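Have a look at the structure below, then the notes.
The values are calculated or read from the model by the stated rules, or taken from the named source; none is laboratory data. Just so you know, these numbers come straight off a predicted model, no measurement behind them. Ideal geometry is used to build each Cβ from the backbone, glycine not excepted, and the neighbour counts take in all protein chains shown.
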Amino acid sequence: MTLETHVYHYLPAPQRPNALADPGTLRRIRHRLTLEERELLLDLCLRADRLGTRARYDLMEEVGAHYRRKLEIDQPHLSAENLVRDLAALAFGGAVDSGPGNR
């Protein structure tokens, strides 16, 4: 099982198109995120359900704010948690609109 297959196995299919899937953001993700950062995003998504509500919110807000700055993402309507999940999906080669049949 490749890492990409492993990621798709554990992350649920998106219920909406990925808000970060524009060419500029994709390029910044490829060039600015280290492997460790990609793994952090994945781990955070996989473990989020095990966090308390307040801890989950605070952690997603902090991580989301960091990557909004680092990757120059100006989408204030996008929640921090959705931003983190979208980044994780794209960092591991997620399709823009990958429903269950597109995996």
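What the table below lists for this structure:
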{"item": "Lone unmet requirement of (1) crowded, with 16+ Cβ neighbours inside 10 Å; (2) in contact with a helix residue (DSSP H, G or I) (Cβ under 6 Å, 6 or more places away or on another chain) for G93", "result": "(1)"}
{"item": "Members of the range 19-71 that are closer than 16 Å to E81 by Cα, outside any helix (DSSP H, G or I) and free of Cβ contacts under 8 Å to residues at least 40 places away in the same chain", "result": "L51, G52"}
{"item": "Criterion violated by N18 - all others in (1) more than 17 Å from R69 (Cβ to Cβ); (2) at pLDDT 90 or above; (3) crowded, with 17+ Cβ neighbours inside 10 Å satisfied", "result": "(2)"}
